[in-house]
Amino acid sequence: MIGTQFARRKTQWLFAGVTMALVALALLAPLPVTGAAPQERHITISAHTFAFEPGTVRVNRGDTVVINLESADVMHGLYLDGYEISTRAEPGQPGELRFVADRDGAFHFRCAVPCGNLHPFMIGKLIVEPNLPWLRAVAATLIAAVGAGAVFWK
Amino acid sequence: MHYAISEIPVIKRFLKSRWLQWGITVVTLAVFLVVILTGLFGTPAGNHNFGIVYVWLVWWALLKLIFVPFLGRFWCSVCPIPAPGDWLQRRAMITPRRGGKLYTLATKLFRKPGSFGARPWPKFLRNIWAQNLGFLAVALFSALILTSPLVTALTLLVFILVSLLVSLFYERRAFCRYLCPIGGFVGVYSQIAPVAVRVKDPAVCESHTEKTCYTGSDAGYGCPYFNLPQRLQANTLCSMCGECLRTCPKDNVAFYVRVPGADLLNTRGRRMDEAFNGLMMLGAAFIYSVVLIGPDGGLKATARAVGTPGWFVYVAALLSFSLLVVPGLFWLCVRLSQVLAGRPRPDMVDIAAAVRKRDSLFAGYATVLVPLGLAIWVAFTLSFTMTNLSYAWPALSDPFGWGWNLFGTAGMAWTPYLSGVIPYLQVPVLLVGLIVAVALAMRTAHQHQQPSRAALPVSAFCALAVVGLLTLYMA
Ligand code: SF4
Ligand SMILES: [Cu+2]
């Protein structure tokens, strides 16, 4: 009885260790994924209270991105999470943002100039493909769920 | 595994002293007053208004990221909303009157000759259903409340007035325990916290018939949350105010540091109102993530345009998602678990019967929603509070947005904190929440005499929720 319990404990720890290792692997393992050849991309984003148009922008890793921010009403800004750069635009006075998309994943961009009540939620999304962080997170989630199930299976 | 931290003399003195809690409450009440004043008279621009910034960014971040996960319902013990009612009812600010006596109008007005005590709280409201409905009611207006200082102030005024009114007629913190929409989910999620107030030796309580911890004594008030300490099984209804530490003459109550989530280990005899709180909160987190954090500006404007046809569609969507879709999916998973277990219990087919049934499998499995839901709420909270927290500096110096500069911080620019790191915080939090949830699903199955495979549907439900949320934020 105590012997089998002890054996079960051991398998549990084993499963837990394997799960943790696999989760870490899914999240961190370097992957030799090469996307499309880098190019220069010109994207016009129009800002109006309280949205960016288009709200979702997709580029490839390595692309040189030139964002032309236009405002349709009042002064707006565009702050890009993760890249920590920003620009602003007024009607008739567009702003420009130029950067190399060297980090993959999804990055929110948000209005950087208070423009009214919903300003804090004026948010868009830049997706730098291949979107490995999301795929890694999903893989880690599935591994964690299966692993936790295995550890506590009786 | 737990450790009675209150056995350390200095800490015990600290916890038993009334001054600490009273002092913090006075501060939160002062902040509350400023929130009301700036809401009523300050700038309508939320980012520059103390009320919005300090309630929906600073307080919300503190509550979701620190208080609830680490200190349980601690916030409730220093919350400004019940404070005026408490003081009125106690006819005391700090030191209690003799015997911890409470005074309500009901004692005077409605007392039948010969009987004493206040009106008892109505039986049908002795649960958290009113809190669940209250949360949803607030959620319908949340896009407006979150962004309008005036509406925030009015909402909080309603809270404090209702609380005051309730305490005029009903003893103790009936509002907090049975009505407050925040108290509901704070209570449910506080089961995760690594701290707890519990009795040391139940046998000592058995032999102590006066139960001064419930009735109150010269040393303190009877439990404001109507708990009998010896019966406490979970943090859900305990604000950790420490009254029982003060009133127990046998020194039989302690403040424990313990394994996080220990309250969830018993999945039997779980309550349906708390289960529903978890489901509803999960639904709301998804709706908020789509509407507030998503890229669709029209959706946000619609959610804020209270009273318009579009808003009614939003209301219908929010209510049906939180009250029907999420609970329905979860119910299907529980049903499936019985099919997998091989001997479906016919009583579970009937929802009404399930609600009546004390030891419901549905409510047992719903314990998984506590770690899962809290992780999802933490992820959601991280996504909008950190980027906007820096508004706290100017709002401190210029609370009304009138151009003041009280502390010289009025000019501080908006700087998003941790903008590149947030996803790296969200993912581990969600993973931990999911792992605990799956472990609890397994435990629920075993404690309800089901084989392990019966836990698969609910586990899949949890994994799906996390994948869904990750996709909303990261894809
Ligand atoms: S006063 Fe102390 S000993 Fe008496 S019932 Fe309450 S906790 Fe137990
Ligand atoms: Cu803007």
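The values are calculated or read from the model by the stated rules, or taken from the named source; none is laboratory data. None of the values given here were measured: they were computed from a predicted structure. When we count neighbours, we look across all protein chains shown, and the Cβ atoms used for this are built from the backbone with ideal geometry, even at glycine. Please note that ligands, DNA and RNA were not included when accessible areas were found on the heavy atoms of the full protein model with its side chains. Shrake-Rupley method; radii C 1.70, N 1.55, O 1.52, S 1.80 Å.
Laid out as a table, the results:
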read-out: Filter pass, B:ILE81 being surrounded by 14 or more Cβ atoms within 10 Å (Cβ to Cβ), without any contact (Cβ under 8 Å) to a residue 60 or more places away in the chain, in contact with a helix residue (DSSP H, G or I) (Cβ under 7 Å, 6 or more places away or on another chain) and on the phi < 0 side of the Ramachandran plot; value: no
read-out: So B:VAL188, is it at pLDDT 90 or above, more than 14 Å from chain A (Cβ to nearest Cβ) and near ligand 1 (Cβ under 10 Å from one of its atoms); value: no
read-out: Selection from the range A:117-126 of residues that are open to solvent by 10 Å² or more (accessible area, probe 1.4 Å) and away from ligand 2 (no atom under 11 Å from the Cβ); value: A:LYS125
read-out: Tally of residues being of a type outside the set (A, V, I, L, M, F, W, C), open to solvent by 20 Å² or more (accessible area, probe 1.4 Å) and facing chain B (nearest Cβ under 9 Å) across the range A:127-154; value: 3
read-out: Filtered residue count, the range A:32-50, keeping only those that are under 20 Å from A:VAL100 (Cβ atoms), open to solvent by 30 Å² or more (accessible area, probe 1.4 Å) and hydrophobic (A, V, I, L, M, F, W, C); value: 3
read-out: Selection count where residues are away from ligand 2 (no atom under 14 Å from the Cβ) and either surrounded by fewer than 21 Cβ atoms within 10 Å (Cβ to Cβ) or more than 9 Å from chain B (Cβ to nearest Cβ) (or both), scope the range A:57-116; value: 28
read-out: A:GLU53 vs. criteria within 16 Å of ligand 2 (Cβ to nearest atom), touching a Ser or Thr at 6+ places or on another chain (Cβ under 7 Å) and open to solvent by 60 Å² or more (accessible area, probe 1.4 Å); value: yes
read-out: Some residue of the range B:404-412 being touching a residue at least 40 places away in the same chain (Cβ under 8 Å) and either more than 18 Å from B:LEU279 (Cα to Cα) or more than 9 Å from chain A (Cβ to nearest Cβ) (or both); value: no
read-out: Selection from the range B:1-52 of residues that are under 28 Å from B:TRP87 (Cβ atoms) and hydroxyl-bearing (Ser, Thr, Tyr); value: B:SER6, B:SER17, B:THR25, B:THR28, B:THR38
read-out: Filter result for B:ASP273 (at pLDDT below 95, open to solvent by less than 20 Å² (accessible area, probe 1.4 Å) and either assigned by TED's automatic domain parsing to the domain that holds B:VAL368 or away from ligand 2 (no atom under 16 Å from the Cβ) (or both)); value: yes
read-out: Selection status of A:ASP81, away from ligand 1 (no atom under 16 Å from the Cβ), in contact (Cβ under 8 Å) with a residue 40 or more places away in the chain and under 22 Å from B:TYR424 (Cα atoms); value: no
read-out: In the range A:127-154, residue farthest from ligand 2 (Cβ to nearest atom) [restricted to those that are β-branched (Val, Ile, Thr) and touching a helix residue (DSSP H, G or I) at 6+ places or on another chain (Cβ under 9 Å)]; value: A:VAL151
read-out: Residue selected from the range A:4-21 under the condition of a type in the set (A, V, I, L, M) and either within 12 Å of chain B (Cβ to nearest Cβ) or in contact with a strand residue (DSSP E or B) (Cβ under 8 Å, 6 or more places away or on another chain) (or both), by the criterion surrounded by the fewest Cβ atoms within 10 Å (Cβ to Cβ); value: A:MET20
read-out: Helices (runs of 4 or more DSSP H) completely within the range B:390-475 that count 3 or more residues being buried (at least 23 other Cβ atoms within 10 Å of the Cβ); value: B:422-447, B:456-474
read-out: Long-range neighbours under 7 Å by Cβ, at least six apart or interchain, first residue outside the structural domain of B:TRP402 (by TED's automatic domain parsing) within the range B:34-46, second β-branched (Val, Ile, Thr) and surrounded by 16 or more Cβ atoms within 10 Å (Cβ to Cβ); value: B:VAL35/B:VAL55; B:GLY39/B:THR152; B:GLY46/B:ILE52; B:GLY46/B:THR147
read-out: Only one of B:ALA234, B:ALA196 that is open to solvent by less than 10 Å² (accessible area, probe 1.4 Å), more than 10 Å from ligand 1 (Cβ to nearest atom) and at pLDDT 90 or above; value: B:ALA196
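Every residue, every condition in (1) more than 27 Å from B:GLY468 (Cβ to Cβ); (2) assigned by TED's automatic domain parsing to the domain that holds B:ARG91; (3) surrounded by fewer than 20 Cβ atoms within 10 Å (Cβ to Cβ); (4) away from ligand 2 (no atom under 16 Å from the Cβ), yes or no:
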residue	(1), (2), (3), (4)
B:ILE192	no, yes, no, yes
B:ASP201	yes, yes, yes, yes
B:HIS208	yes, yes, yes, yes
B:CYS241	yes, yes, no, yes
B:VAL257	yes, yes, yes, yes
B:ALA284	no, no, no, yes
B:TYR288	no, no, no, yes
